[in-house]
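The values are calculated or read from the model by the stated rules, or taken from the named source; none is laboratory data. All values derive from a computational prediction rather than experimental measurement. Don't worry about glycine lacking a Cβ; one is built from the backbone with ideal geometry, like all the others, and counts go over all protein chains shown.
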Amino acid sequence: MEADPNRPVRSRRVRGAVAGLVAAFAGLAVAQLVTAVARPEAAPVTAVGGAAVDLTPTAVREWAIGLFGSADKAALALGIVLVLAVAAGLTGLLAVRSLPAGIAVTAAFGLVGAAAALSRPEASWRDALPSLAGALASSGVLWLLVAAARRPRPAGAPADGAWTVDRRGFGRLVGAVVAGSALAGLVGRRLGAHGSAGATASRASLVLPPPAVPAPPVPAGADLRVPGLGPFITPARDFYRVDTALVVPRVDADAWRLRIHGEGVSRPLTLDLRELLARPLGEHDVTLTCVSNEVGGPYAGNARWLGAPLAELLREAGVRPPAEGGPADQIVARSVDGMTLGTPVETVMDGRAALLAVGMNGAPLPFAHGFPVRMVVPGLYGYVSACKWLTELRLTTFAAYDAYWVRRSWAARAPVKTQSRIDTPRPYAGLAPGRVAVAGVAWAQHRGISRVEVRVDGGPWREARLGTADGADTWRQWVWVWDAAPGPHTLEVRATDGTGAVQTDVRSGTVPDGATGLHRVDVRVKALGGTPGGAPGP
Ligand SMILES: Nc1nc2c(c(=O)[nH]1)N[C@H]1C(S)=C(S)[C@@H](COP(=O)(O)O)O[C@H]1N2
Ligand SMILES: [Mo]
C-alpha cells in the first residue's frame, strides 16, 4: 500500500487544531472552577461579553436588540464562543509549529479575559483570577498535547518522519483532558450555584408586609379579555426584561444595604431591608416601558408594585426638590453590578408614586427584575428610573454627572411618549371577512389615556372602546370591531393622552429618547368562499 506523502503534514495540522480546541475547553473549564472564588461576572466569556456590551455603539446595540430580542445575551455569548473556537483552532495550528508562540497567544487571551473582568464596574483583583488560571491550564494542556502529537512512533514502526505520531496515545490524552475539563466545569457550576444559595434562601424566606396604602382592586373592565390580547396585569414570568447583566445578580437580602447621600442630603442614611420593610409601604399599578421599544414593540409590561415611597425617604434625608431650592436635580441610582441610572429629583418628589419596590404582583421581586429592591417611577422610561438591584442613591446634578446610558447617546431626561399598539390581529394574518376584533394597548404613563382611534387603509379615524382606566400610570386596553371586507388592508392606531394631546404620527427611531409614529399592521381578509358575488370557490 502506497503511503500518502502529505499525510504526516495533514495529520499534524488536524492534531494541532484539536489540541488548540481541547486546550481552550480545558482553560474555560478551569476558569469556571476558579470563578467560584470571584464573582460569577468574572468568568472569561461573561467578562468579555460584559465589556463588549459596554463598548458596543448604541446603533449596533439597537440593531442587535431588534434582531435577537430578549435572546440578545445568548446570541452574544454564542458569538464569543464561536470566535474563541476559531481562535483556539488557529492557536493549536501555530503551536505545533512553535510551542512558545502558541503559549504566548494563549497567555494573551488570558490577559484579555483578565483585563475585561477588571474593567467591569465594582471589580476586585480576584476577578482576574479565572482568566489567568484558565490561560495557565490552557497553556499546560497545549504543551502536553503538542508534545504528544510530536512524539514519534514506537521503535520498529515504519518511520515516515518526526511528525508521525502515536495516534492512539494522542487520542487517549485528548479524551482524558476533555473528561477532566468537563468535570472541572461542572464542579465550578455547582460551586457557583452554592455561592448564590444564600440569596435564593433569603428570597424564599422573605415575607412581604401588607401595604399601609393598598391599591384598589384592578377595575373589572380594565381587562377586555379579547383573544390575542395579553392580560391587563403582566405575570412576572412574561414581563419583558432589559438590562446589561449577562448573569442575573443574585443579591442576598440579609446583606443588602441602600445608601442615600450626596448634594443637599443633610442626613445621609444607610438602610437595610428590615428597616425598609418597616416603613409604611405603598402599592401601585405602574406600566413600565423601555426606551428601546420600537413602535409596536414588546418592551412594555404592567405590574402591581409594592414599595416604600421614595419621596418620603428623600425628605427624611433632608433632600429638597429644585423647586424648593434644593441643590441637586438628579438622583443617580446605582445597582450592585455598577449600572447607573439618572432620575430627575423634581419628578420623583412631585407627588407621583415613585417607589423603592420590593414586591411585584404580590411576591418578592424576581431576581431578574431586581431583587431585593428596585426603583419604579411612573411616567419615565426604565433607563432613567427603574434601577434594579439597587444599592445606592446619590444626589447630584445633571450638569455634573452623566449616567451609563447618557454616555451612550441616550437623552438624560426621558418622559414616556404616548404610544399605542395593535396586538390582534397579528401582522400578515389571514382573516375571515366580517366582524374582526382589532385590539391592543395604549400608554402614556402619568398622563393617562383618554381616547384610542383606529383607521383602515388611511380612511377616517374610528373611536375604539377603552378598558376601564386603572389610574393614569398604567396602560389601557382598547378594542374596535371592524367589519372586514375581502382584500389586503392596513390597520393603524393612535392614542390621545389625558391632557388631550394626540399621539404624533411623525416617525422617529428609539435613540435618543424613545420612538414615535403610528403602529400599523397589514392583514389580508380572505374572499368569501362560494357566496354569490364572492370570489370563485375551489
Ligand atoms: N441594574 C440595572 N437596572 C436596570 C437596567 C440595567 O441594565 N441594569 N435596565 C433598565 C432598563 S433600560 C429598563 S427598560 C428596565 C427594565 O426592567 P425589567 O427588566 O424589570 O422589565 O430596567 C432598568 N433598570
Ligand atoms: Mo430600557
Pair list, Cβ under 8 Å, 6 or more apart: region 233-261 residue touching a residue at least 40 places away in the same chain (Cβ under 8 Å) and on the phi > 0 side of the Ramachandran plot, other residue part of a loop (DSSP other than H, G, I, E, B) and within 11 Å of ligand 1 (Cβ to nearest atom): none
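Would you point out the residue of region 214-247, among those that are within 16 Å of ligand 2 (Cβ to nearest atom) and among the β-branched types (Val, Ile, Thr), that is farthest from Ala75 (Cα to Cα)? Steps first, answer last, please.
Of all residues in region 214-247, those within 16 Å of ligand 2 (Cβ to nearest atom) come to 234, 239-245.
After this cut, where a residue has to be among the β-branched types (Val, Ile, Thr) as well, the list is 234, 242, 244.
Working: Thr234: 26, Val242: 15, Thr244: 13 Å.
The qualifying residue farthest from Ala75 (Cα to Cα) is Thr234.
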Going by the conditions given, is Ala439 near ligand 1 (Cβ under 10 Å from one of its atoms), modelled with pLDDT of 95 or more and of a type in the set (Gly, Ala, Ser)? no
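Residue by residue, here is whether (1) within 16 Å of ligand 2 (Cβ to nearest atom); (2) under 23 Å from the mean Cα position of the chain (by Cα); (3) acidic (Asp, Glu) holds:
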| site | (1), (2), (3) |
| --- | --- |
| Glu294 | yes, yes, yes |
| Glu312 | no, no, yes |
| Arg315 | no, no, no |
| Gly325 | no, no, no |
| Thr340 | yes, yes, no |
| Glu346 | no, no, yes |
| Asp350 | no, no, yes |
| Leu356 | no, yes, no |
Tabulated pairs, region 106-129, first among the aromatic types (Phe, Trp, Tyr), second assigned to a helix (DSSP H, G or I) and crowded, with 18+ Cβ neighbours inside 10 Å, C-beta under 7 angstrom, 6+ apart or interchain: Phe109/Ala135
Identify the residue in region 393-424 that is within 11 Å of ligand 1 (Cβ to nearest atom) and within 21 Å of Glu263 (Cα to Cα) and, among all such residues, is surrounded by the fewest Cβ atoms within 10 Å (Cβ to Cβ). Tyr404
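Can you give me the number of residues within region 272-299 that are in a strand (DSSP E or B) and either touching an Asp or Glu at 6+ places or on another chain (Cβ under 6 Å) or surrounded by fewer than 20 Cβ atoms within 10 Å (Cβ to Cβ) (or both)? Before the answer, list the steps.
To start, the set of residues in region 272-299 that are in a strand (DSSP E or B) comprises 272, 282-289.
In the following step, the residues that additionally are either touching an Asp or Glu at 6+ places or on another chain (Cβ under 6 Å) or surrounded by fewer than 20 Cβ atoms within 10 Å (Cβ to Cβ) (or both) were identified as 272, 285-286.
Qualifying residue count for the region: 3.
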Residue that is farthest from Ala300 (Cα to Cα), among those in region 36-75 that are outside any helix (DSSP H, G or I) and small (Gly, Ala, Ser): Ala38
Reported set for region 251-271 where residues are within 16 Å of ligand 1 (Cβ to nearest atom) and buried (at least 21 other Cβ atoms within 10 Å of the Cβ) is Val251, Trp256, Leu258
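Counting only residues that are aliphatic (A, V, I, L, M) and farther than 30 Å from His446 by Cβ, how many does region 482-506 have?
The first filter runs over region 482-506 and keeps only residues aliphatic (A, V, I, L, M), leaving 484-485, 491, 493, 495, 501-502, 506.
With the extra rule that they be farther than 30 Å from His446 by Cβ, the set shrinks to 484-485.
Residues in region 482-506 being aliphatic (A, V, I, L, M) and farther than 30 Å from His446 by Cβ: 2 in total.
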The residue that is nearest to ligand 2 (Cβ to nearest atom), considering only those in region 383-409 that are more than 18 Å from Ala311 (Cα to Cα) and not in a loop (DSSP other than H, G, I, E, B), is Tyr383
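Condition check ((1) surrounded by fewer than 12 Cβ atoms within 10 Å (Cβ to Cβ); (2) touching a residue at least 24 places away in the same chain (Cβ under 8 Å); (3) β-branched (Val, Ile, Thr); (4) in contact with a strand residue (DSSP E or B) (Cβ under 7 Å, 6 or more places away or on another chain)) across all residues:
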site: Ser196; (1), (2), (3), (4): no, yes, no, no
site: Pro217; (1), (2), (3), (4): yes, no, no, no
site: Gly221; (1), (2), (3), (4): no, yes, no, no
site: Gly228; (1), (2), (3), (4): no, yes, no, yes
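Counting only residues that are aliphatic (A, V, I, L, M), over 22 Å from Gly262 (Cα atoms) and buried (at least 19 other Cβ atoms within 10 Å of the Cβ), which one in region 358-382 is nearest to ligand 2 (Cβ to nearest atom)? Even if it seems obvious, please write down each step before you answer.
Filtering region 358-382 for residues aliphatic (A, V, I, L, M) gives 358, 360, 363, 365, 368, 373, 375-377, 380.
With over 22 Å from Gly262 (Cα atoms) added as a condition, the list becomes 358, 360, 363, 365, 368, 380.
With the extra rule that they be buried (at least 19 other Cβ atoms within 10 Å of the Cβ), the set shrinks to 358, 360, 365, 380.
Details: Val358: 21, Met360: 17, Leu365: 17, Leu380: 10 Å.
The residue in question is Leu380.
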What residue, of Val22, Val81, is at pLDDT 95 or above and in a helix (DSSP H, G or I)? Val22
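Return the residue satisfying two criteria in turn: it lies in region 248-289 and is polar (S, T, N, Q) and touching a strand residue (DSSP E or B) at 6+ places or on another chain (Cβ under 8 Å), and of such residues it is nearest to ligand 2 (Cβ to nearest atom). So that I can check it myself, show each step before the final result.
First, the residues of region 248-289 that are polar (S, T, N, Q): 266, 270, 287, 289.
From what is left, the residues that are touching a strand residue (DSSP E or B) at 6+ places or on another chain (Cβ under 8 Å) are 270, 287, 289.
Details: Thr270: 28, Thr287: 13, Thr289: 8 Å.
Residue satisfying both the conditions and the ranking: Thr289.
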Name the residues in region 334-382 that are assigned to a helix (DSSP H, G or I) and either away from ligand 1 (no atom under 11 Å from the Cβ) or of a type outside the set (A, V, I, L, M) (or both), would you? Val345, Glu346, Thr347, Val348, Phe367, His369, Gly382
Could you tell me whether Val319 is of a type in the set (A, V, I, L, M, F, W, C), within 13 Å of ligand 2 (Cβ to nearest atom) and not in a helix (DSSP H, G or I)? no
Among all residue pairs at least 6 apart or on different chains, which show Cβ distances below 7 Å where the first residue, located in region 481-499, is more than 14 Å from Gly458 (Cα to Cα) and the second is hydroxyl-bearing (Ser, Thr, Tyr)? Ala495/Thr418; Ala495/Ser420; Thr496/Ser450; Asp497/Thr418; Asp497/Ser450; Gly498/Ser450
State yes or no: is Leu173 under 17 Å from Leu145 (Cβ atoms) and crowded, with 16+ Cβ neighbours inside 10 Å? yes
Give the residue, chosen from Val187, Val213, Val178, that is at pLDDT 95 or above, of a type in the set (Val, Ile, Thr) and either within 21 Å of Pro372 (Cβ to Cβ) or surrounded by fewer than 18 Cβ atoms within 10 Å (Cβ to Cβ) (or both). Val178
Contact list please: Cβ distance under 9 Å, first residue in region 45-61 and exposed (fewer than 15 other Cβ atoms within 10 Å of the Cβ), second residue of a type in the set (S, T, N, Q), pairs at least six apart or on different chains. Pro57/Ser409; Ala59/Ser409
